[in-house]
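Structure first, then comments.
The values are calculated or read from the model by the stated rules, or taken from the named source; none is laboratory data. Just so it is clear, the model here is predicted, and its values are computed rather than measured. For neighbour counting, all protein chains shown are included, and Cβ atoms are generated from backbone atoms with ideal geometry for every residue, glycine included. The accessibility values were calculated without ligands, DNA or RNA, using every heavy atom of the protein model including side chains. Shrake-Rupley method; radii C 1.70, N 1.55, O 1.52, S 1.80 Å.
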Amino acid sequence: MNKDVIIACDFASAEATYEFLDKFKDLDNKPFVKIGMELFYAEGPQIVREIKARGHKIFLDLKLHDIPNTVKKSMAVLSKLDVDIVNCHAAGTKAMMEAALEGLTRPNGTRPLLIAVTQLTSTDQLALDKELLIHETMNEVVMHYAKNAHQAGLDGVVCSPHEAADVHDACGEAFLTVTPGIRFADGDAGDQKRIMTPAAAAAAGSDYIVVGRPITAAEDPVAAYKRCVKEFLG
Ligand code: C5P
């Protein structure tokens, strides 16, 4: 099992991203990075190719959610970018997730890992119940969507580290849990509510932790990254 720390590169431009990544250029193992919608929409696929060429593994966090045919074709395009992890919304149904997998698989049978978003952490129980008309508890919904993703053949889910153990119990140890909401014990929580330290996330069974501001906003991002790796991987 490949456990790792993924840095969320939540920057608005290529310039800011490269200025940040340049700090890591002397490391033998370049950090695994997450590229989200903001940077991808600002800079296009070239930013992905450039970061890959610099030797980083990439989680392309674009959260696809559309009809199965559109997702399948879009995943085939993303597959050519040679990223390591991509994602889609489990709410798009099992048919959509199966189509995503099919589109992502290259003619030679290889493909990036595909994980699903279960429920966004910005959706609370009230919104689930009153707006989306989903009347189960949040935990039941998250576990059910994780099982759907597993049945559709996906590799894992994005979830809170607090849910990692339950997801593994329901879908097996090999089913990946990719968990944001990570903070150092002496750090600032910011807008994240249900947080865990890297060491606690490791103990809870997280496979990959996604860490943004504790590294990107640190005075010494390389030292913060190394601390994170040490706490998470031991
Ligand atoms: O700066 P911070 O460590 O809070 O960044 C966490 C990253 O993980 C951000 O890119 C955020 O969008 C993402 N994320 C999250 N919670 C989710 C899904 C993604 O914080 N449920």
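Annotation: amide H-H contacts under 5 Å for Lys63 (H modelled 1.01 Å from N, sequence separation of 5 or more, or interchain): Asn87.
For the chain, what class follows from the C-alpha gyration tensor (a ≥ b ≥ c being the square roots of its eigenvalues): rounded when a/c is under 1.5, otherwise prolate if a/b is larger than b/c, else oblate? Please report the intermediate quantities before stating the final value.
Working: a/c = 1.62, a/b = 1.16, b/c = 1.39.
Judged from the Cα gyration tensor, the chain comes out oblate (a/c at least 1.5, b/c at or above a/b).
Go through Met143, Met138 and list them by solvent-accessible area, largest first, probe radius 1.4 Å.
Values: Met143 20, Met138 40 Å².
Ranked list, largest accessible area first: Met138, Met143.
For Ile134, the residues whose modelled amide H falls within less than 5 Å of its own, excluding neighbours fewer than 5 places apart on the same chain, are Asp129.
Please report, in cubic angstrom per residue, the volume enclosed by the convex hull of the alpha-carbon atoms of the stretch 33-149. Walk me through the numbers on the way to the answer.
Numbers: hull volume 13.1 nm³, N = 117.
Output value, Cα hull per residue: 112 Å³.
Checking every one of the GluC sites (Glu not before Pro) in the stretch 39-142 against DSSP loop status and a limit of 15 other Cβ atoms within 10 Å picks out Glu136.
May I ask you to list the trypsin sites (Lys or Arg not before Pro) in the stretch 170-234 that are in a DSSP loop and have at most 13 other Cβ atoms within 10 Å of their Cβ?
Lys193, Arg194
Rolling a 1.4 Å probe over the protein heavy atoms of the stretch 4-233, with every protein chain left in place, gives an accessible area that is 52 percent carbon and sulfur.
With r defined as the distance between the Cβ atoms of Tyr41 and Lys80 and R0 fixed at 22 Å, what FRET efficiency is calculated, to the nearest 0.05? Taking R0 as 22 Å, the efficiency between Tyr41 and Lys80 is 0.75. Ordering Leu154, Ala218, Met143 by the projection of their Cα atoms onto the charge dipole of the chain, which places +1 on the Cβ of Lys and Arg and -1 on the Cβ of Asp and Glu, puts Leu154 at the extreme positive end.
Pairwise Cα separations in the stretch 132-233 fall into 10 Å bins from 0 onward with the following percentages, short to long: 16, 42, 28, 12, 1. Put simply, the amide H of Val33, placed in the peptide plane, has neighbours under 5 Å in Ile7, Lys57, Ile58, Phe59, leaving out anything fewer than 5 places away on its chain.
Using only alpha-carbon positions, what ratio does the radius of gyration of the stretch 18-74 give when scaled by 2.2 N^0.38 Å? It would help to have the intermediate numbers written out before the result.
Details: Rg = 13.5 Å, N = 57, 2.2 N^0.38 = 10.2 Å.
Its radius of gyration relative to the 2.2 N^0.38 Å reference: 1.32.
Roughly how many debye, to the nearest 20, is the charge dipole of the stretch 4-233 about its Cα centre, given +1 on each Lys and Arg Cβ, -1 on each Asp and Glu Cβ, and no other charges?
Numbers: 24 positive and 33 negative charges, 129 e Å.
Charge dipole of the stretch 4-233: 620 debye, to the nearest 20.
Summed over the residues of the chain and divided among them, the accessible surface reaches 49 Å² per residue at a probe radius of 1.4 Å. With only Cα atoms counted, the stretch 80-167 has Rg and Dmax values of 14.0, 46 Å. Placing +1 on the Cβ of every Lys and Arg and -1 on the Cβ of every Asp and Glu, with nothing else charged, gives the stretch 36-138 a dipole about its Cα centre of roughly 560 debye.
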